[in-house]
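Some notes on the structure that comes next.
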Amino acid sequence: MDDFMFRFLISNLLLCGIIGVLLLMKRILKNSLSSRMQYNLWFLLLGLLAVPFMPFRFIKLSELFVWFKNQNLISSFQTNTALNPSASTNIAHGKNWMEDFTLSVNKYFPPIIGYFLFALWILGIITMLLFFIKSAFRLRTLKKSALPLQNPKVHQVYQRCLKDTGITKNISVYSTVFLKSPVIVGVFKPCIYLPIHLISDSKEEDIRYMLLHELQHYKHKDGIVNYLMSLAGIVYWFHPLVRYALKEMRNDREIACDTSVLKMLKADDYVAYGNTLLNLAGKLSLTPHPFVSGISGNMKQMKRRILSISSYEKPTAKKKRKSMFSFLLASFLILGFAPFVSTYAADKDLYLWDTSAKNCSKLHLSNYFEGYEGSFVLYDLKNETWKIHNKKQAVLRIAPNSTYKIYNALFALETGIIKPESSLIEWNGTSYPFEAWNKNQTLQSAMNSSVNWYFQSLDEQLGAVSVQAYLHKIGYGNEDLNSDFSSYWMEASLKISPIEQVELLTKLQQNSLNFTEENMKAVKDAIHISSSDLGDFYGKTGTGRVNGQDINGWFIGFVENPNNTYFFATNIHAASHASGIIAAEITLSILADMNIWKP
């Protein structure tokens, strides 16, 4: 949750810039965009406000096709297998076992701050909801007190207005003493409410203009828009620019409705319509209800509307085309920001796994993961079958931590920085908290003890450009190096899903990554743990430690025997004690109960 709040804050900073760009474009294209198109631009902002909460990232069309296919194929998990855990397997830290040493990553956004901000945000939402609930009750009181329209002259004017606007729906009209301005309320059963004092004091022409304005609100479905704007106001209650943008959207909506009315009138009636607003300005007031649309507004808004009316000309076909082109141009530029908002605010980065040609089945292994949110992926090479516990987590990309060292070593071997027979790097004398790190290292010893400085040295010699090229070559997760180059794989930008881990291990074991066979073998030898009558066991742990707490545990590898090879990836999450060793213990228990490997 703290991570989401951090990203949500970044997305809100981006929204400030987007709103600024939108306001600037409206000003630049003011003479090209019609009033209705200027109003429609605000719907792009409403869409962008929803992006941070969408449970998916923006994807390419090719990925969208894969996603669509998977909707019918995810159910192809044909069998449900449940295992009961046997006694916990104790891992002996012998010379052949991987040591799970890791350093803590200090994040400058402490979790407690994230939870505090989340609580504050929710408290503000609750407060706003109470305000809207109160407004809904006041609106309900208004409806109960209103009476059906009795004035026959006004009723005749209303019927003509319905005919002029082409509206066939029977919209009820009521009179009330509790309003100063006419409004239209409702989506499925809309009703127009007219203040009694306006019915008695206004001219027939003024009432006609007011009714035409309210009917334009209905015609353009502004009742639905009211609810969307109210929802945005509730969620973004803290954002001053969002509140300002919603206010401007309401102003532009009234101008757009004025323009729609003017299109129905003759040129000689434009002045009369403007005079109606001027004459009624002293009697009108802002509507007290967020769910209604009306002709009301303050004097500043009225001034903008009068200026818009005085300069109005019925659009020609050329102006309509120009307005549409300008709108599409502005839309293209504004929607171009959507992926950035999604990248920073989305809480999940999912691997869109194509299951169309795969034989998959579900595993029910919750008993093995008590106290952890985790997943287990097993691939049977001979039978080409996948067995997965918690597919939702299995496609979730997360930091690889020390499991990445498998490929880090492969890159260095391929470029000749180290060689299978000559991989020694001398210790520079820096004191580390683990005794095993404070000495010269070979690839085998560095992999066994998960020595960070050894692999960071390889990265320094490789360079960011080379590492990025290799990540792209093998398709490693999200291929993202946009963080500190010394720790991009440690709870930072680089992420990979458990399923992708298994897919890459399969390519590694089969020598299909297009690397030198000798180098592939050297990496496999470096992660070899033990041998038995069941075959050879390979694996690598990884632990994500943030602010002193182990929050992300990995164990990946494969069991190789003469008849078959099984590839696996286990990942666990928790607020603490989620280490690679725990992930390895869970894995060994599962593999033992499946008769794949027993220590």
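In terms of solvent-accessible area of protein heavy atoms at a 1.4 angstrom probe, what is the ranking of HIS472, HIS239, highest value first?
Numbers: HIS472 130, HIS239 10 Å².
From most accessible down to least: HIS472, HIS239.
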C-alpha long axis of helix 270-280 to longest principal axis of the chain, angle in °: 90
Which percent of the accessible heavy-atom area of the range 548-592 goes to carbon and sulfur, probe 1.4 angstrom? 53
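In whole percent, what relative contact order does the chain give with Cα contacts below 8 Å and a gap of six or more residues? Display every interim value, and only then the final one.
Details: 945 pairs, mean separation 122.4, N = 599.
Relative contact order here is 20 percent.
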Mind checking the angle between helix 240-264 and the chain's longest principal axis? C-alpha axes, 0 to 90 degrees, to the nearest 10. 40
Under 18 Å from the Cα of LYS358, which lysines turn up, not counting those fewer than eight places away in the same chain? LYS69, LYS382, LYS387, LYS391, LYS392, LYS507
In order through the range 392-403: 3J(HN,Hα) via Karplus (6.51 cos²θ - 1.76 cosθ + 1.60), integer Hz, x for Gly, Pro: 4, 7, 5, 9, 7, 7, 9, 4, x, 6, 6, 5
For ILE207, tell me the accessible area in Å² from a 1.4 Å probe, rounded to the nearest 10. 10
Could you calculate the contour length gain from SER172 to ASN482, that is, 0.36 nm times the residue separation minus the distance between their Cα atoms, to one decimal place in nm? 105.7 nm
Computed over the range 172-286: relative contact order in percent, which uses C-alpha pairs under 8 Å that are six or more apart: 26
Straight-line reach check, LYS439, cutoff 28 Å on alpha carbons, 8 or more apart in-chain or any other chain, hits among lysines -> LYS95, LYS405, LYS419, LYS521, LYS524, LYS540
Taking θ as phi - 60°, what are the ³J(HN,Hα) couplings along the range 11-22 by the Karplus curve (6.51, -1.76, 1.60), each to the nearest whole Hz, with x for Gly and Pro? 5, 6, 5, 5, 4, 4, x, 5, 5, x, 5, 5
Could you check the simple spin-label distance between GLU205 and GLU421, using points 7 Å along Cα→Cβ, in nm with one decimal? 10.4
Residue-normalised accessible area of the chain, given per residue in Å² at a 1.4 Å probe: 48
What does the extension gain come out to for LEU333 and MET54, with contour length at 0.36 nm per residue minus their alpha carbon separation? 98.4 nm
LYS219 to GLN461: extension gain in nm, 0.36 nm per residue of separation minus the Cα-Cα distance? 80.5 nm
Sites ASP533 and PHE118, calculated FRET efficiency, Cβ-Cβ separation with R0 41 Å, nearest 0.05: 0.20
Note on the range 455-512: contact order normalised by length, alpha-carbon pairs under 8 Å, 6 or more apart, percent, works out to 27
Kindly provide the helix-only [θ] at 222 nm of the chain, computed as the sum of -39,500 (n - 2.57) over DSSP H runs of four or more divided by all residues, to the nearest 500 deg cm²/dmol? -16000 deg cm²/dmol
If you take Kirkwood radius over Cα pairs in Å from the coordinates, which of [x] 34.3; [y] 30.6; [z] 28.7 do you get? [z]
Straight-line reach from LYS247: which lysines fall under 19 Å, measuring Cα to Cα and dropping same-chain residues less than 8 apart? LYS26, LYS30, LYS221, LYS300, LYS303
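The values are calculated or read from the model by the stated rules, or taken from the named source; none is laboratory data. What you are looking at is a predicted structure, and each value in this text was computed from that prediction instead of being measured. In this analysis, Cβ positions are derived from the backbone assuming ideal geometry, glycine residues included, and neighbour counts consider all displayed protein chains. The protein model used for the area step is the full one, side chains on, heavy atoms only, and it has no ligands, DNA or RNA in it. Shrake-Rupley method; radii C 1.70, N 1.55, O 1.52, S 1.80 Å.
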